[in-house]
Amino acid sequence: MSEPKASREVAVNTARTEGSTEYHFDPHVTWVEPGGTVTWRLESGTHTATAYHPGNDQPRLVPEGTDAWDSGTMSEEGETFEHTFETEGVYHYLCTPHEQFGMIATVIVGEPHLEDQRALQTMPENKPEEVHGKLEELNTMVREIMGEGHEEEEAHTEDGHGHEEETHTEEETHTDDGHSHEEETHTEA
């Protein structure tokens with residue numbers, strides 16, 4: 001995902017492999033524009049798409065001032081639920097019956113300042129380790145999608161313009177056999 005879209009679809013499913021069952025929202029992180037709509041489509045199993053919101057008896061991991069949303073139980077293949085997101089921010093949500101198995105995902109709306117997002121700053125109490133681990137994984141994915149930590153650092157001059165600083169150093173060293181050679185190091189700040 002390189003940019004937010006006006007609408008996106010998330011597949012909701014249960015994947016059974018030999019010896020295990022996995023529960024998925026696919027993709028794990030969805031990015032829409034403010035006013036954008038996400039549609040959840042049930043592929044298999046019985047699931048919900050439920051905001052982490054006090055209105056759903058959950059801790060708030062969505063922006064302040066936003067309403068709770070919940071698909072209710074979806075159990076018929078092809079069934080859909082959609083929600084339109086007006087407020088920019090990061091929204092974590094879960095599947096109520098499968099939260100403890102890590103069936104948690106995220107919607108990013110617009111281009112929010114990540115340091116202001118409750119979803120990224122708060123780890124809910126009274127949740128199992130699996131939930132905390134999945135939320136940390138999602139938070140890392142959100143930061144990667146939004147480009148945090150991947151920008152080159154620039155030194156800023158007093159006039160506010162950025163520039164790169166380069167330093168060249170040459171050192172002459174002598175080896176045990178008496179020969180000398182030059183070492184050059186090059187660094188950018």
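Against the conditions (1) assigned to a strand (DSSP E or B); (2) within 23 Å of Met146 (Cβ to Cβ), where does Glu82 fall short? Just the number, please.
(2)
Limited to segment 23-72, what total is found for residues that are farther than 19 Å from Ala119 by Cβ, of a type outside the set (Ser, Thr, Tyr) and outside any loop (DSSP other than H, G, I, E, B)?
Qualifying residue count for the region: 6.
This table checks each residue for (1) aromatic (Phe, Trp, Tyr); (2) closer than 18 Å to Asn139 by Cα.
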site	(1), (2)
Thr14	no, no
Glu33	no, no
Trp40	yes, no
Leu61	no, yes
Thr66	no, no
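I'd like the full set of residues that are hydroxyl-bearing (Ser, Thr, Tyr), within 16 Å of Tyr91 (Cβ to Cβ) and more than 15 Å from the chain's Cα centre (by Cα), limited to segment 23-42.
Thr37, Thr39
Listed residues Gly36, Gly65, Gly72; which is small (Gly, Ala, Ser) and buried (at least 18 other Cβ atoms within 10 Å of the Cβ)?
Gly36
Looking at segment 1-11 only, could you name the residues that are assigned to a strand (DSSP E or B) and either under 18 Å from the mean Cα position of the chain (by Cα) or more than 24 Å from Glu144 (Cα to Cα) (or both)?
Lys5, Ser7, Arg8, Glu9, Val10, Ala11
When you scan segment 1-28, how many residues do you find that are closer than 21 Å to Thr87 by Cβ, buried (at least 20 other Cβ atoms within 10 Å of the Cβ) and out of contact with any Phe, Trp or Tyr (no Cβ under 7 Å at 6 or more places or on another chain)?
Of the residues in that region, 1 qualify.
Give Val32, Val90 a once-over and let me know the one that is of a type outside the set (Gly, Ala, Ser), touching a Lys or Arg at 6+ places or on another chain (Cβ under 9 Å), within 23 Å of Lys127 (Cβ to Cβ) and assigned by TED's automatic domain parsing to the domain that holds Thr122.
Val90
For the structure I just gave you, tell me whether Ser20 is among the hydroxyl-bearing types (Ser, Thr, Tyr), at pLDDT below 95 and under 15 Å from the mean Cα position of the chain (by Cα).
Spelling it out, it is not the case that Ser20 is among the hydroxyl-bearing types (Ser, Thr, Tyr), at pLDDT below 95 and under 15 Å from the mean Cα position of the chain (by Cα).
Would you confirm, using the coordinates I've provided, whether Glu64 is of a type in the set (D, E, K, R) and under 24 Å from Lys5 (Cβ atoms)?
no
Any idea which residue in segment 94-152 is farthest from Glu9 (Cα to Cα), counting only those that are hydroxyl-bearing (Ser, Thr, Tyr) and at pLDDT 95 or above?
So, considering only residues that are hydroxyl-bearing (Ser, Thr, Tyr) and at pLDDT 95 or above, the one farthest from Glu9 (Cα to Cα) is Thr140.
The values are calculated or read from the model by the stated rules, or taken from the named source; none is laboratory data. For clarity, every value in this text was computed on a predicted model and none was experimentally measured. In this analysis, Cβ positions are derived from the backbone assuming ideal geometry, glycine residues included, and neighbour counts consider all displayed protein chains.
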